[in-house]
Every structure is written in structure tokens, then in C-alpha cells.
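Asks: Structure in C-alpha cells, see below.
The values are calculated or read from the model by the stated rules, or taken from the named source; none is laboratory data. This is a predicted model, so every value here is computed, not measured. Positions of Cβ are generated from backbone atoms using ideal geometry, with glycine treated the same way; all protein chains shown enter the neighbour counts.
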Amino acid sequence: MSFASPTVSFALSAIRVPNLRARNKSLKNSGFYSGSVSCQQKAFAENVLQNKAPFSSVGPKLVRQLAMSSPGSLRVHQTKEDLVSSLSEEIKSAIAAGPAIPGNSREKIAVAVSGGSLPGLLKAAVARDLRSFANLDKALWIMVDERAVPRNHPESNYRAVSEALSGVVPPDQILGVPEEALSESTDSIALKYEQLLRSKGISPSDIALALLGMGEDGHTASLFPRTWASAVDVSGTRFYVGVDDSPKAPPRRITLTLSAINAAHKRVFVVTGRNKATAVNHIFQEGNSQRLPAGLVQNAIWLVDEEAVSGLKKD
């Protein structure tokens, strides 16, 4: 592998990654833009990809075509330090340029954070240059997804994010799930968390930055392959939904919907490790025909290490 810089590997032109132009050409050749596919069919397919309708509402071929929409740009890093540096810059730029939450007199913005390894990387990114993060308290920090566990539980994403931002962000600006709701259904937990965020003026389009991870199975947030389509808000009015059957413990969770993630102003994935290479290859070089949830996040910035792209083929 050759590197143009410590933070960008491969000349992207040398990797066979489907781009938007190629996707549009493919759709045109398939008849997607001709009379063979009706406007109604296209609308249904878009709704499937935006998590607003079940997969059964359209044919698999049409959804696969739409799934070829650009997953975003890959930025490959030789070292963890380089990756953390890039993450730091993405956070700073999002906070500086992000849209203010409507009606918030203190000009706050919203940043959504996933669990897993991301809080640890967030902590490293902040610690790397504390002076430059003097405006971190401008943000309200919310969860991309959360497990139905108490806030002090080892599996709590709220706990992990709070520890990552300890001493840097006031605790009342990290918004966790109301603990009194944890004994209720996951859908009720999701609704009450959403109500909390809406009371702060936050809706999906107000999220300045969504920090996302990806599992080796291609899941992101708590949207998992083969089951993510069940986490659909049929009404189209919700942006968090409950999950009762997560294949990873604990099974009870809440998560942002795919459409809510795609509504964020900036979407940044941080993906490391050789165990992610198969999923990265499938998303970027195989058209994501399996509809891996991470690959359905549109136009994201992917900060990855060399191992995560070890499966990508070069021309």
C-alpha cells in the first residue's frame, strides 16, 4: 500500500469504489430512471433505505440499486495517533460551524455519540489538544443509541461518554435516557428520550455531528443486519425507536433511526481493525447488496486505519 500522506491512504482513484456518477449510470442502464420503474416504486424504495418502510414493500433489485448511493469518503490512517488527530479536527470543525439549536439562547449545537470504542477515541481526541476544545461546552451531547441499563452500568453508553468528557463538558450538557423509564417498554424509553431532546429544541436536522462506529457485521448504532428493518417508525414522526432483539447483549436498546442519522449535518465513522475489513469491502466495493446498515448511511466521512481497508482491491 502506498500513502500520499499520514492521513489519506491510497489514491482513491486507484480503488474500485462505486461513486455517485457510476451509481447514477447504473440506475439509468437498469431502467431506474425510465418508465420501467414508476415514481411510486422509487418513493417506496427510498423510504426503505431511510428506514420508513419495510423491505417487503418493494422488490429487492430496486433496493439494491438504491443502496449503491455513495457511502462517503474513505480517509485511511497509518497510525492511531493520525486517526485521533483527524477525529479531533472533525469534531472541532463541526462544533465551530454546526447549526445552533433553534430557540436556544446560548447558541448550543447537538452532537450524537455512539458507544463501543468511540467514547475512548473521543476522549483521546479531546485530550490531544484541550486548548482547541475550549468550545466543547457549546455542544449538547446526546446518544446515537443506548442500552436499557442504569446510567452507572458498565454497558451504559451515557456512562462511557460522560467519562470521556469528564472535566471538559458540564455534566448537565450530556443528555442520557431518563432512568425512571428503564422499566418500561423499549418503545416507551425511546419516546421519553426523544421528548427530553425535543424539550431542548433538538430534532434530527439539528444534529451537527453524528459520531458513528461499525461492528464487524456491518451494524451501526443499534441497527443490525437482518433486523434493522424492524426498527422502523411507520408514522414518520419519531427519530428514536426501541429495539428488543439486539443480537449483541444487552438485547433491549433504543437507537436513532437510519433517517435520523442521515438527517445529521455531518456523519463521521471511526472504524479500526482487520475484523472490519470484510464489511468495509462489501460496502465500498461490492455495492452493499446485503444492505449492511453502516453502508446505508449516506455521504459520511470514514476515518479508518490500514487494517480496516486491508480487503479493498486496487486496480
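Asks: Take Ala260 and decide whether it is among the hydrophobic types (A, V, I, L, M, F, W, C), surrounded by 16 or more Cβ atoms within 10 Å (Cβ to Cβ), more than 23 Å from Glu89 (Cα to Cα) and out of contact with any helix residue (DSSP H, G or I) (no Cβ under 7 Å at 6 or more places or on another chain).
Replies: Spelling it out, it is not the case that Ala260 is among the hydrophobic types (A, V, I, L, M, F, W, C), surrounded by 16 or more Cβ atoms within 10 Å (Cβ to Cβ), more than 23 Å from Glu89 (Cα to Cα) and out of contact with any helix residue (DSSP H, G or I) (no Cβ under 7 Å at 6 or more places or on another chain).
Asks: Of all residues being among the β-branched types (Val, Ile, Thr) and under 26 Å from Ser203 (Cβ atoms) in the range 263-315, which is surrounded by the fewest Cβ atoms within 10 Å (Cβ to Cβ)? Just the residue, please.
Replies: Selected residue: Ile301.
Asks: For the range 271-290: of the residues being outside any helix (DSSP H, G or I) and hydroxyl-bearing (Ser, Thr, Tyr), which is nearest to the chain's Cα centre (by Cα)?
Replies: The residue in question is Thr272.
Asks: Could you tell me whether the range 221-235 includes any residue that is at pLDDT 90 or above, part of a strand (DSSP E or B) and among the aliphatic types (A, V, I, L, M)?
Replies: Yes; the residues of the range 221-235 include at least one that is at pLDDT 90 or above, part of a strand (DSSP E or B) and among the aliphatic types (A, V, I, L, M).
Asks: Would you call Ile301 assigned to a helix (DSSP H, G or I), within 24 Å of Val161 (Cα to Cα) and either basic (Lys, Arg) or at pLDDT 90 or above (or both)?
Replies: Spelling it out, it is not the case that Ile301 is assigned to a helix (DSSP H, G or I), within 24 Å of Val161 (Cα to Cα) and either basic (Lys, Arg) or at pLDDT 90 or above (or both).
Asks: Looking at the range 75-133 only, could you name the residues that are of a type in the set (Ser, Thr, Tyr), farther than 16 Å from Ile301 by Cβ and part of a helix (DSSP H, G or I)? Lay out the reasoning, then the answer.
Replies: Going residue by residue through the range 75-133, those that are of a type in the set (Ser, Thr, Tyr) are 79, 85-86, 88, 93, 105, 114, 117, 132.
Applying the additional criterion that residues be farther than 16 Å from Ile301 by Cβ yields 79, 105, 117, 132.
Ser132 - this is the single residue of the range 75-133 that is of a type in the set (Ser, Thr, Tyr), farther than 16 Å from Ile301 by Cβ and part of a helix (DSSP H, G or I).
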